[in-house]
Amino acid sequence: MSAKQITSKDIQIRAENIGGIDRTDLAFSPGVTALTGRNATNRTSLLQAVMAAFGSDAVSLKGDADEGHVELTINDTTYTRTLTRQNETVTATGEPYLEDATVADLFAFLLENNEARRAVARSDDLRELIMRPIDTDAIQAEIEQLDTERQELDEQLDELDELKRDLPDLEAERQRLDTQIEGKHEELEAKEAEIEAADRSVDETRAEKADLEETLDELRETRERLDDVRYDIDTHQESLAALREERADLVAEQDELPDAPAGERAELDQQIDQLRSREEDLEAELSELQSIIQFNEDMLDGDESGRLDVLADATETDGSVTDQLLADETVTCWTCGTDVDTNQIDATLDRLRSLRTEILSDVNDLRDELEDCIAERDELENHHHQRERIERRLAQIDDELDERKAIIEELQDERETLTDAIESLETDVEQQEREDYTELLDLHKEANQLEFELGRLESDRDDVAEEIARLEERLEQEAHLEDQRATVQAELEERRTRIERIEAEAIENFNDHMETVLDILDYENIARIWLERTEQTVREGRRTVETSVFELHVVRTTRSGTAYEDTIEHLSESEREVTGLVFALAGYLVHELHETVPVMLLDSLEAVDADRIATLIEHFQAYADYLIVALLPEDAAALPEDHQRITDI
């Protein structure tokens, strides 16, 4: 719950066995509450009880008790905390107001032992204390993770660079093989022309050459089939290259689509349902409130005179309602039958109308949020549909790639089979060799050798082409990897400078607010208190590193108006106490704790005079819903009389 949601109701505190308290039950009104009394009157113990209910562990259990209990009720909600002592150790359980009271302990609960006040008084390094609410370990973990990711991307890019260096050699090898294959085709065509010419020159009877012609026909048919297989292989390889190009384009399009975190769509649907339900509830509440307002306005305007007459008869009062209104400017309440000043009813109506306006504003805000959620969900759905379309097409392309690769493998196997068949047929022809066919058979043998060499060259060319395709497919990832690396590098640089920016911003805010608090206190001899960020060389294990240090400076002025810088060590004890208080109060303003913590606690202000305490309280009561301060009676006397005072705890 935001502190700004706290209503004007009192907060109730019940405490048992906390500090020096046996048992107490008190209420704090909104605004300033002064716990007035001398020392040892359990004022600090009461403040500790409040701290415990808010989640602080800087609380002591009563010395003779093994268990203590605190119950705090704010805005009709009750928060509890139980402290238990076991083996000299006190543990706390329950459901406090804050899940994490770290920042509140430092800058909202300003008791005497407050760590921020004591750190200044002891001249401790304030960087750890100021940066404690900030999860710098998480930022450092992100830096290490991004650095590892960048190294992995560098390794992948280095591997791609090596592949790029191999690619020209492979391209040159494929070109060389293509040239050799083209030459072998020309040699084979010339040899087949010689075979055809020699075949026509052979003059023998049909019976004598029938068997040989049958073998030669089969040999020619096998060669023709081999040519067809080569053509089919080239065609399928061209299709394979086109599919790979289309796949690369789809992968690039897919990479450009923003990632959709898992479950985000379901979370948006749930949020939309919740917003719609909340909108319906508010509209119903608004309608009911409008009816109440309209009814009361009608009653005041006299449109419900019949009902007023009935109420007048039922109350058995002397004279008519009109007479009473004219005489006393009162009206008989139509809900309880008593006489009520019309101004009270008007005031109630004004509050109802104001509530109606607030609810209407909430409804409009809900509608805007609902529209934003619906638009975000629609955009997610659009990206989802695009991603599904790309994934379906990629799946189709992968299937077709696998299918065409399988076909090419089958054709390559068939090419080898046909090459073997041609060699076998050549052997058969040699067995039928005659003197008249020697030249023809030599030509066929030479053609078969050319076929073998051509098949070997084509197989080598296919292997090189496959390797080139594999490398090109890998190299298509280079642009994406470079974009990823640029993004990771930018994020890495941002994380590395984030802590420095946070430190600089924190110091600037603290300096501004310390100046504000110091102006309120208006000390003549302390002109300025400010923080400076410096670099200091320290050793961490075996290495020397640079680390940030926050130094606190105090500028003092002499009676003659001369300003000079001093250190905390040279200040008096009371001045150190004041400086620590100024620093802690500045932290309250820097972290805007009034937005999350409805109470502010002050104790041990003896180093500040009564008038300045009153001025300080006047300033901070504008921030805290409940400002609870422990004061001596003489200091409390300087506060306005309308502030709540508690003397008996």
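The values are calculated or read from the model by the stated rules, or taken from the named source; none is laboratory data. Since we're looking at a predicted model, the values are computed, not measured. Every residue, glycine as well, gets a Cβ built from its backbone with ideal geometry; the counts of neighbours run over all protein chains shown.
Filter segment 84-101 down to the residues that are surrounded by 14 or more Cβ atoms within 10 Å (Cβ to Cβ) and of a type in the set (V, I, T), then identify the one that is nearest to L111 (Cα to Cα). The selected residue is V90. Of the residues that make up segment 604-623, is at least one part of a helix (DSSP H, G or I), among the polar types (S, T, N, Q) and assigned by TED's automatic domain parsing to the domain that holds D10? Yes, because at least one residue in segment 604-623 is part of a helix (DSSP H, G or I), among the polar types (S, T, N, Q) and assigned by TED's automatic domain parsing to the domain that holds D10. Restricting T82, T102, T136, T89 to those that are among the polar types (S, T, N, Q) and at pLDDT 95 or above reduces the list to T82. It is to be established whether one or more residues within segment 390-397 are β-branched (V, I, T), assigned to a helix (DSSP H, G or I) and modelled with pLDDT under 85. For segment 390-397, residues β-branched (V, I, T), assigned to a helix (DSSP H, G or I) and modelled with pLDDT under 85: absent.
Name the one entry in D228, D211, D217 that is over 28 Å from D462 (Cα atoms), of a type in the set (D, E, K, R) and either touching a Ser or Thr at 6+ places or on another chain (Cβ under 7 Å) or at pLDDT 80 or above (or both). Going through D228, D211, D217 in turn, the sole match is D217. Exactly one residue out of I499, I529 is hydrophobic (A, V, I, L, M, F, W, C), within 30 Å of the chain's Cα centre (by Cα) and more than 30 Å from Q254 (Cβ to Cβ): that is I499. Only residues that are more than 40 Å from the chain's Cα centre (by Cα), outside any strand (DSSP E or B) and at negative phi were counted across segment 52-88, and they come to 5.
Among the residues of segment 65-83 satisfying the criterion of being touching a residue at least 60 places away in the same chain (Cβ under 8 Å) and of a type in the set (S, T, N, Q), which is surrounded by the most Cβ atoms within 10 Å (Cβ to Cβ)? Within segment 65-83, the match that is surrounded by the most Cβ atoms within 10 Å (Cβ to Cβ) is T73. In this structure, R387 does not qualify as touching a residue at least 24 places away in the same chain (Cβ under 8 Å), in contact with a Leu (Cβ under 9 Å, 6 or more places away or on another chain), in the same structural domain as D161 (by TED's automatic domain parsing) and in a helix (DSSP H, G or I).
Applying the set (1) out of contact with any Phe, Trp or Tyr (no Cβ under 9 Å at 6 or more places or on another chain); (2) buried (at least 22 other Cβ atoms within 10 Å of the Cβ) to A586 leaves exactly one unmet item: (1).
Could you list, in sequence order, all residues of segment 524-554 that are farther than 18 Å from L126 by Cα and either assigned to a strand (DSSP E or B) or modelled with pLDDT of 80 or more (or both)? Quick ask: steps written out before the conclusion?
Applying the first criterion (farther than 18 Å from L126 by Cα) to segment 524-554 yields 524-527, 539-545.
Selection gives I526, A527, R539, E540, R543, T544, V545.
Reported count of residues in segment 240-265, each being part of a helix (DSSP H, G or I) and farther than 30 Å from N364 by Cβ, is 17.
Within segment 286-313, residues that are outside the structural domain of D346 (by TED's automatic domain parsing) and part of a loop (DSSP other than H, G, I, E, B) have Cβ atoms under 8 Å from residues that are hydrophobic (A, V, I, L, M, F, W, C) and modelled with pLDDT under 50 in no pair, counting only partners at least 6 apart in sequence or on another chain. On the stretch given as segment 37-55, residues that are among the hydrophobic types (A, V, I, L, M, F, W, C) and more than 13 Å from I11 (Cβ to Cβ) total 4. Going through (1) small (G, A, S); (2) surrounded by fewer than 18 Cβ atoms within 10 Å (Cβ to Cβ); (3) outside the structural domain of E476 (by TED's automatic domain parsing) one by one, A172 falls short only on (3).
R165 satisfies every condition listed in (1) at pLDDT below 85; (2) surrounded by 14 or more Cβ atoms within 10 Å (Cβ to Cβ); (3) basic (K, R) except (2). Going through (1) under 30 Å from L531 (Cα atoms); (2) assigned to a helix (DSSP H, G or I); (3) of a type in the set (S, T, N, Q) one by one, S123 falls short only on (2). Please verify whether L268 is of a type in the set (A, V, I, L, M), farther than 30 Å from L440 by Cα and either part of a helix (DSSP H, G or I) or under 36 Å from the mean Cα position of the chain (by Cα) (or both), treating the condition exactly as stated. Yes: the conditions hold for L268. Restricting attention to segment 379-389, the residues that are within 30 Å of S277 (Cβ to Cβ) and either at pLDDT below 85 or surrounded by 11 or more Cβ atoms within 10 Å (Cβ to Cβ) (or both) total 6. Screening T516 on (1) within 30 Å of E535 (Cβ to Cβ); (2) modelled with pLDDT under 85; (3) among the hydroxyl-bearing types (S, T, Y) shows it passes everything except condition (2).
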